[in-house]
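Down below is the structure, laid out as structure tokens.
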Amino acid sequence: MRNLLSIDDVSAEEIQTIFATAADMHDVQSREVKKLPALRGRTVVNLFFEDSTRTRSSFEIAGKWLSADVINISAKGSSTSKGESLRDTVQTVCAMGVDGLVMRHSASGAAHQVAGWVDAVVVNAGDGMHEHPTQALLDAYTLQRHLGSLEGRHVVIVGDLTHSRVFRSNVLCLSKLGARVTVVAPPTLMPSGIASWSEAAGFETSYDLDEVLPTADAVMMLRVQRERMAGGYFPSPREYTVGYGLTRDRLALLKPDVPICHPGPMNRGLEIAADAADAAQSVVLEQVSSGLAVRMAVLYHLLAGESEEGGA
Ligand code: NCD
């Protein structure tokens, strides 16, 4: 793996290698001195053209705990707001001797395109409605810790599938690890062309959440991405919640101890009720701490491997 642009860039075996490294990295989080020397002398730039709380801080802390020099650049305050092209911006940043570029952009395919313009290792931290591979890796890592193995386990992904890069990366990742995946959304938020994709990739689709939940081994709620919606995808927030929210009543449909995931940020009361978000079986905050370990592992394999192991 040279870059991490899509889950397609990693095999099931490589994913398990990343998870094994992440488990070691997890131990670092509980130490008093949270520092490993692995990326000493390396420079990582987080280039974020879209808002982010957890992904950007997670990559920043991950790089710092591995002793890399980490610089954050956000679109607001960068030269893109003066009219500079994406290509000029990334080539300028990389001309400073940057080893790794972690980027988020609103255009699907942006990270892929940038990878062709620069020598630095590129990690896609979300490109439009396309992919968010480290989110899928951290979700699968979290679920594997709870379920032992994902082989044959039924993972139900619910919500605004049309606008979700988390869904796209997760379907690829979970299927690669042998999980049975069902995706649930109202017809207006079910991506067009999903029938042929689900057939080719071997996952199921449903419009009926109540029917699917009782057989779930894990449930992943996705945010209703109102900032990407131009028109009315559902009549009212209330109707969305009635049909597709993980409400208190729906919690009772789940088998006991089924992990509840949400990548954040959550719209409490819309796609997930407080009773579900704060339930004992909710792994939302665990996803965040696991995410840090997984991102440390990803940076380690992409950036430390080159010198220490002769190629990752
Ligand atoms: C997701 C994203 O940005 O794609 N959030 C995240 O990275 N934790 C999902 C979302 O914004 O709903």
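Side notes on the structure shown:
- Modelled spin labels at Ser192 and Glu32, positioned 7 Å past Cα toward Cβ, are 6.1 nm from each other.
- Separation between Cα centres of segment 81-128 and segment 204-243, rounded to whole Å: 33
- Cβ charges +1 (Lys, Arg) and -1 (Asp, Glu), total dipole of the chain, debye: 700
- For Lys255, a cut-off of 30 angstrom between C-alpha atoms picks up these lysines, skipping any fewer than 8 places away in its own chain: Lys176.
- Summarising the strand pairing of the chain, around 5 percent of its internal DSSP beta bridges are antiparallel.
- The chain: angle of helix 12-29 to the longest principal axis, Cα-based, in degrees nearest 10: 80
- Between the exposed loop cleavage positions of the chain, defined as GluC sites (Glu not before Pro) in a non-H, G, I, E, B DSSP state with at most 14 neighbouring beta-carbon atoms within 10 angstrom, the longest gap is 152-308.
- Shown for segment 133-281: the carbon plus sulfur share of the solvent-accessible area, taken with all protein chains present and a 1.4 angstrom probe, equals 50%.
- Trypsin sites (Lys or Arg not before Pro) within segment 61-137: DSSP coil, no more than 10 neighbouring Cβ in 10 Å: Lys76
- Remark: the chain carries 42 Å² of accessible area per residue (probe radius 1.4 Å; ligands, DNA and RNA excluded).
The values are calculated or read from the model by the stated rules, or taken from the named source; none is laboratory data. For clarity, every value in this text was computed on a predicted model and none was experimentally measured. Virtual Cβ from ideal backbone geometry, glycine too; neighbours counted across all protein chains shown. These accessible areas exclude ligands, DNA and RNA; they are computed on the full protein's heavy atoms, side chains included. Shrake-Rupley method; radii C 1.70, N 1.55, O 1.52, S 1.80 Å.
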